[in-house]
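Here's the structure, in structure tokens; my notes come after.
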């Protein structure tokens with residue numbers, strides 16, 4: 001028997017009895033939320049093995065699913081916050097050492113907590129070979145500044161990069177091969193610089209999923225099932241996603257109603273999790289059905305160049321989280337306290353979310369003493385946008401979809417791909433392209449991204 005990880009990095013597919021035909025209902029949900037639910041794929045007879053499930057390979061080289069060897073739970077211990085930090089420190093640095101020892105590490109750095117926690121652990125372990133980097137968009141916030149300060153404090157080499165405008169069109173078919181069209185293509189912006197960062201070392205050390213494991217889900221612990229469903233839908237249904245799903249549901253002539261279908265699917269998945277605490281249950285839901293089907297999908301961009309290691313994906317870390325009282329997870333307390341103790345100098349660097357405040361002072365962010373710096377920073381943004389005519393780019397789709405040359409490439413894939421036009425009616429594509437181009441680009445960027453994904457899927461598989 002082989003064990004599929006608790007949070008898988010790569011999918012394991014298996015066949016079920018039935019005809020090989022498109023699962024149109026699953027595809028409409030994919031269009032709305034950006035990832036496939038549960039075991040769904042594009043095809044009715046092909047499924048994805050659930051996380052933490054054992055499987056075997058039979059004589060025909062087919063995957064045979066077995067039993068789950070780990071189930072998410074919530075069993076908080078009677079433990080102090082200080083003891084919790086000590087346990088986390090030991091476990092996190094142990095996992096970090098196991099994953100990185102003897103390797104030339106490639107470390108992405110940002111202004112957040114996950115990568116800063118990793119930097120603190122590597123510095124505490126005195127890792128001798130860490131190359132770090134950060135990237136930003138042209139005409140955007142200088143996100144690389146935080147990473148540079150962290151790298152300098154830790155003694156890591158540092159490289160700052162810009163995500164090229166329109167890089168997607170020369171790399172889109174490679175990206176479709178990497179993620180097999182199970183995720184839209186503007187999310188993994190590292191694709192624009194992957195060749196450069198892939199040369200920095202032997203192993204990508206990535207902080208994905210720390211922000212979910214080490215925070216509360218912003219729910220009452222006693223929230224009802226209905227409240228949990230409403231909360232989930234607010235989190236996972238993207239802007240414009242419901243409109244796209246409704247359109248596809250109608251043109252494909254599916255029975256019933258998309259909203260009812262989505263509610264039923266989400267409730268079925270929620271009910272497979274035997275946890276009463278609402279925050280812990282939603283965290284488990286995300287870890288079971290969101291992490292492997294969305295976050296992990298584009299990890300393939302990194303692993304296409306170098307192996308990847310993820311300390312927050314480790315089974316021991318997941319087990320630890322299940323035993324920590326929710327009150328210690330709320331507000332990222334554990335990571336914040338760990339960084340403050342492991343490296344006060346790193347904690348003193350501004351936290352991007354609360355800049356100019358840092359990990360010692362972020363709770364005073366709205367204090368009047370920070371008001372002048374916040375006004376100056378906002379004034380600079382307005383100056384760039386209004387007086388100098390510079391649009392502040394904050395999202396990758398702006399770099400890849402806006403402008404004359406990007407429009408040509410977008411139209412080529414959405415309006416001149418015969419296989420795609422047979423799959424998605426031209427009327428649907430034109431409707432969402434028109435809404436995107438006529439002043440509603442922010443709201444309808446997700447539907448356009450999903451239609452682009454379906455265009456590449458149709459070329460590859462239909």
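Rule-based calculations on the coordinates, nothing more; no lab input. Just so it is clear, the model here is predicted, and its values are computed rather than measured. Please note: Cβ atoms are built from the backbone with ideal geometry, for glycine as well, and neighbour counts cover all protein chains shown.
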Provide the descending list of Cα extents for segment 2-68 along its principal axes, expressed in whole angstroms. 34, 28, 17
Give me 53, 28, 226 ranked fewest to most by other Cβ atoms within 10 Å of their Cβ, as a rough exposure proxy. 226, 53, 28
Pairwise FRET efficiency - residue 101 versus residue 59, Cβ, R0 = 35 Å, nearest 0.05: 0.35
Given the Cα-Cα distance of residue 16 and residue 177 and 0.36 nm per residue of separation, how much length would full extension add, in nm? 55.6 nm
Enter the per residue convex hull volume of the chain, computed from alpha-carbon coordinates, in Å³ rounded to the nearest integer. 161
Using the basic label-point model (7 angstrom from Cα toward the beta carbon), what is the residue 315 to residue 199 distance in nanometres? 3.9
Could you list the residues of segment 7-29 with an amide nitrogen less than 12 Å from a label point located 7 Å from the Cα of residue 418 in the Cα-to-C-beta direction? none
For Cα pairs less than 8 Å apart in space and 6+ apart in sequence, what is the mean separation divided by the residue count of the chain, i.e. the relative contact order in percent? 22
Multiplying the sequence separation of residue 392 and residue 24 by 0.36 nm and subtracting their Cα-Cα distance, what value in nm do you get? 128.7 nm
For residue 368 and residue 330, what is the calculated FRET efficiency with R₀ set at 30 Å and r taken between the beta-carbons, to the nearest 0.05? 0.70
Using label points projected 7 Å from each Cα along Cα→Cβ, tell me how many nm separate residue 129 and residue 434, to one decimal. 5.9
